[in-house]
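A quick write-up on the structure given underneath.
The values are calculated or read from the model by the stated rules, or taken from the named source; none is laboratory data. Keep in mind it's a predicted model, so treat the numbers as computed, not measured. Positions of Cβ are backbone-derived with ideal geometry, glycine not excepted, and every protein chain shown enters the neighbour counts. Surface areas here come from the heavy atoms of the whole protein model, side chains and all, with no ligands, DNA or RNA. Shrake-Rupley method; radii C 1.70, N 1.55, O 1.52, S 1.80 Å.
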Amino acid sequence: MSDHRDQAPLLPLAGREAIARVTARAHETNVSLVWFLYADHGGIIRGKAATAPMLPARIVTGIGHTVAMMAMSMLDQLQPVDGMGPVGEVRIMPDPATFVPLPYAPGAGAMLADQVLPSGEPWDGCARTYLKQAIAAAAADGYAVTAAFEPEFTLGRREADPDGGPDRLVPNDDSLCYSATGFHLAHDFTMALLGALTAQGLRPEHYYPELGHGQQEMTVRYAPALRAADNHVLYREAVRGTAFRRGLWASLAPKPIPDQAGNGAHLHISLRGLGPAGEPAAPALYDPADQYSLSAAGYHFIGGLLAHLPALVALTCGSVNSYRRLAPQMWSSAYTIYGMDNREAAVRICSPMSDDRAASVNLELKPSDSSANPYLALGAVIHAGLDGIRRKLDPGEAVNVDPATLTNSERLARGIQRLPDSLGAALDALEADALLMDSLGDLRRRAYLAVKRSEAAAFANMGTARECFEHFTKF
């Protein structure tokens, strides 16, 4: 007797065409296993996989999954969250538009996935859905959002501690920042990563060896907001997968090595107006008459970011390890300021490019790293910025000096606050932020706070070496 559960129901033509494209592409690229990937509240990329013969059915039905996994911490410790226990089912539902073969994992492909109810309706615990809702809110206000994550990572080898402690990440080199030696020593890995990202359609733009020993940065071009977050998930896996297959280890953790420079994932964002048919139109952040080429909407967006920043970092810098990086004079930002090309500012107005000044104006959020769930991080940034536009929040005067060089009284007079110095403090700020808490919704905010509070508690009694080990092996 046939099993009707594995037969795809009748679909609209567009759905049938999408399935046909993915299955044909999988066949052409010799993909026999497809990962359905999502990001959890601990910032970990997880998923399940379908075999190629099952793709037509599983693109329709998704793969069954317990609701409890979104209450799992980065230490695989399940938290007691009402609505995310042993009873209940969601489907990991892949987005056919995101299908890519994985060059670093021959025979495998991937799709980014939502988590939906068995009925097919959106599930309130899904992070990718949260970003979709933020994008819809921006569209309702007349804006299309483009973004790009700018990740750094540390390339090295995982080695046993000679003193019997947890394994260490030993850097691939001890080259200087941007030095040609760094290019040479990481060349083979870099070319493999460049090929892997290009093959997945991520459009790499720049590469350089960064400040820390073994630290690398390869940036990818901006994209519509949902695609930008999807790209960051694919980027994270490409970096780690390319390293693993070459006998190396790569970590995007904020501070995988405590005495080396931290790894950020600066978040660049820009807005366009929407045309009559809802298509992106003129850049909304550009004003050629302004001293920084920034529009009134741009200043208000910054005002929203700064107003919500103490809470926002709980989502953009989502790990205990993040707060080793967020310190004064570390070029990662530690204060609620903005400035023109000020790399100690939390929000940097980026100089426009001479070939297209209007379209290239963008804002860079520096307190952001790859331990965050990119869908939650970008979604919250959009909500915070929109709040600034709606309420016409004034960000005050730009600060174009290192804020750490100002006296306490000078910072107080200019309304400059120190960002939270721990995950616990950031979570306190998040709980006190009505707008961001409301945007997350009941189930998602309860789960996120429970997971992150558990991580803060677990690491409170761990030494530095164990903390860095747990983070460099997970991110």
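Can you tell me what percent of all Cα-Cα pairs in the range 354-475 are more than 21 Å apart?
Everything past 21 Å amounts to 57 percent.
Have a look at the DSSP beta bridges in the chain and tell me what percent are antiparallel, nearest 5.
In the chain, DSSP labels about 85 percent of beta bridges as antiparallel.
Expected output is a single nm value to one decimal: the length gained when fully extending between Asp95 and Thr51, i.e. 0.36 nm times separation in residues minus the C-alpha distance. What is it?
14.2 nm
With a 1.4 Å probe and every protein chain left in place, tell me how much accessible area Lys392 has, in Å² to the nearest 10.
About 140 Å², ignoring ligands and nucleic acids.
If you roll a 1.4 angstrom probe over the protein chains with everything in place, what fraction of the accessible area of the range 363-437 belongs to carbon and sulfur, to the nearest %?
Accessible surface attributable to carbon and sulfur in the range 363-437 totals 49 percent.
Using helices alone, what [θ] at 222 nm do you get for the chain, with -39,500 (n - 2.57) per DSSP H run of 4 or more residues, divided over all residues and rounded to the nearest 500?
Theoretical 222 nm ellipticity from helices: -11000 deg cm²/dmol.
Where Lys and Arg each count +1 and Asp and Glu each count -1, what net charge lies around Arg203 among other residues with Cβ under 12 Å from its Cβ?
+1
So for the range 76-148, what are the equivalent ellipsoid semi-axes in whole Å, largest first, each being the square root of 5 times an eigenvalue of the Cα gyration tensor?
24, 23, 12
Which of the three applies to the range 84-227, rounded, prolate or oblate, going by the alpha-carbon gyration tensor with a ≥ b ≥ c and a/c under 1.5 meaning rounded?
prolate
Calculate the spin-label point distance for Thr473 paired with His187, positioning each point 7 Å from the Cα along the beta-carbon direction, and give it in nanometres.
Taking the simple label geometry, His187 and Thr473 are separated by 3.5 nm.
Going by average Cβ density within 10 Å per residue, which order do the peptides 66-73, 404-411 take, highest to lowest?
The peptides rank, most packed first, as 66-73, 404-411.
Could you give the distance between the Cα centres of the range 224-244 and the range 392-420, to the whole Å?
Taking the Cα centre of each part, the range 224-244 and the range 392-420 sit 34 Å apart.
Work through the residues other than Gly339 whose Cβ is under 14 Å from its Cβ and net out their charges, Lys, Arg +1 and Asp, Glu -1.
Cβ neighbours under 14 Å give a net charge of 0.
Once the mean 1/r over all distinct Cα pairs of the range 241-392 is inverted, what Kirkwood radius in angstroms do you read off?
So the Kirkwood estimate lands at 16.5 Å.
How big is Rg to Rh over the range 184-324, alpha-carbon atoms, Rh as the Kirkwood inverse-mean-distance radius?
Rg divided by Rh gives 1.02.
Given the range 5-124 reduced to its alpha-carbon atoms as identical point scatterers, what log10 I(q)/I(0) does the Debye formula return at q = 0.13, 0.17, 0.18 Å⁻¹?
With one equal scatterer per Cα and no solvent, log10 I(q)/I(0) is -0.53, -0.86, -0.94.
Using only alpha carbon pairs under 8 Å that are at least six residues apart, calculate the relative contact order of the chain and give it in whole percent.
Dividing the mean separation by the residue count of the chain yields 17 percent.
Using 0.36 nm times the number of residues separating Trp331 and Ala404, minus their current alpha carbon distance, what extension gain do you get?
Taking Trp331 through Ala404 to full extension adds about 25.2 nm, to one decimal.
Taking the Cα-to-Cβ direction at Asp174 and at Leu412 and moving 7 Å from each Cα, how far apart do the two end points lie in nm?
With each label placed 7 Å out from Cα toward Cβ, I get 4.5 nm.
Along each principal axis of its Cα atoms, how long is the chain end to end? Whole angstroms, biggest number first, please.
Cα extents, longest axis first: 79, 63, 48 Å.
Ordering Glu152, Glu237 by how much accessible area each has at a 1.4 Å probe, largest first, what is the list?
Highest to lowest solvent-accessible surface, that is Glu237, Glu152.
Taking the Cα centroid of the range 333-380 and of the range 77-110, what is the distance between the two, rounded to the nearest whole Å?
Between the Cα centre of the range 333-380 and that of the range 77-110, the gap is 29 Å.
Fully extended, how many nm does the chain gain between Glu28 and Arg466 (0.36 nm per residue separation, minus their Cα-Cα distance)?
153.2 nm
Rank these residues by their accessible area, most exposed first, probe 1.4 Å: His213, His471.
The ranking, largest first, comes out as His213, His471.
For the range 412-460, what does the alpha-carbon gyration tensor say about shape, rounded, prolate or oblate, given a ≥ b ≥ c as the root eigenvalues, a/c under 1.5 as rounded, and a/b over b/c as prolate?
Judged from the Cα gyration tensor, the range 412-460 comes out oblate (a/c at least 1.5, b/c at or above a/b).
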